[in-house]
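> Please read through the structure below; I'll follow up with questions.
FYI, it's all coordinate maths here, none of it is from the lab. These numbers come from a predicted model, not from an experiment. So basically every Cβ, Gly included, is an ideal-geometry build from the backbone, and we count neighbours across all protein chains shown.
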Amino acid sequence: MEEEINKSGSREAAENFESFSEELSKPEPKKSLLKTLWKGTIDALPILAQLTGVVSSIVKLFS
């Protein structure tokens, strides 16, 4: 995921994903914030949605 973001050069996707990663590393991450940051990352770089294995794992975090 991070490799794709770096290759794209999308600053918006990079900032959203960085914030997502920071929130995820907290002992009790806020699911609503993770969902918002993830949506922002995908909106900024739609090709990431095609990485189905990663997307599937991340979506499980919101459940």
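> Find the relative contact order for the stretch 2-61 and round it to a whole percent, using C-alpha pairs within less than 8 Å whose residues are 6+ positions apart.
Normalised by residue count, the contact order of the stretch 2-61 is 34 percent.
> Placing unit charges on C-beta atoms (Lys and Arg positive, Asp and Glu negative, everything else neutral), compute the dipole magnitude of the stretch 2-61 about its Cα centre in debye, rounded to 20.
Details: 8 positive and 10 negative charges, 60 e Å.
That gives a dipole near 280 debye.
> Just grab the label-to-label distance for K31 and I47, each label 7 Å out from Cα along the Cβ direction, in nm (one decimal).
3.2
> Among the chymotrypsin sites (Phe, Trp or Tyr not before Pro) within the chain, which fall in a DSSP loop and have no more than 11 other Cβ atoms within 10 Å of their own Cβ? Display every interim value, and only then the final one.
Numbers: sites: F17, F20, W38, F62; in loops: F62.
Qualifying residues, ordered by number: F62.
> Say R0 is 22 Å: what FRET efficiency, to the nearest 0.05, do L61 and S8 get from their beta-carbon distance? Walk me through the intermediate numbers first.
Working: r = 23 Å, r/R0 = 1.03.
Working from the Cβ atoms, E equals 0.45.
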